[in-house]
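These notes are about the structure you will find just below.
The values are calculated or read from the model by the stated rules, or taken from the named source; none is laboratory data. What you see is a predicted model; the values in this text were computed from it and never measured. Each accessible area value is taken on the protein alone, full model and side chains, heavy atoms only, with ligands, DNA and RNA left out. Shrake-Rupley method; radii C 1.70, N 1.55, O 1.52, S 1.80 Å.
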Amino acid sequence: MLHAPALRLATADDLEVLAAHDRHLRVEMLSAAIEAGRVLVAEAAEGILGWLRWGLFWDEIPFMNMLFVFEPARGRGLGGRLVEDWEERARADGHGAVLTSTRSDEPAQHFYRRRGCADAGALLLPDEPTELILRKELR
């Protein structure tokens, strides 16, 4: 049975677990994101259940690069809680909007749209599905 997870910024102690599962980023870059305070984790007695990692688009706009929830914790609102916490942090830091992206063939686009994100553009890469850019106004 899952316990109510706590949301917190990741620490260096989380690097091993995150690096084992977040293969989209070199360990050094993941460590730097943790040190910069740009990785949120959801944690319960069972351990880390998911995380959200972000950077800054144009060095200014918070851009969610990774949202991941482990299978046993999915479908319980944890991803939404991580996104809401991240948005609140961005708002508190004075940002008026946040960005993310997802491939056009992934259902994640519907998850983001239900949370108020709107299409803001697309990235076309050779031999890849269209990457949808999504924006949410925070004010």
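With an 8 Å cut-off on Cα pairs and a minimum separation of 6 or more residues, tell me the relative contact order of region 1-60 in percent.
On the way: 70 pairs, mean separation 24.3, N = 60.
Rounded, it is 40 percent for region 1-60.
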Report, to the nearest whole %, how much of the accessible area of the chain belongs to carbon and sulfur atoms, 1.4 Å probe, protein only.
53 percent
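Leaving out ligands and nucleic acids, note down the accessible area per residue over region 1-135 with a 1.4 angstrom probe, in whole Å². Write out the running numbers ahead of the final one.
Working: 7830 Å² over 135 residues.
Ligands and nucleic acids excluded, the figure is 58 Å² per residue.
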Specify the angular offset, from 0 to 90 degrees and rounded to the nearest 10, of the alpha carbon long axis of helix 78-92 from the longest principal axis of the alpha carbons in the chain.
70 degrees
The distance between the Cα centres of region 115-139 and region 1-56, in whole Å, is 24 Å
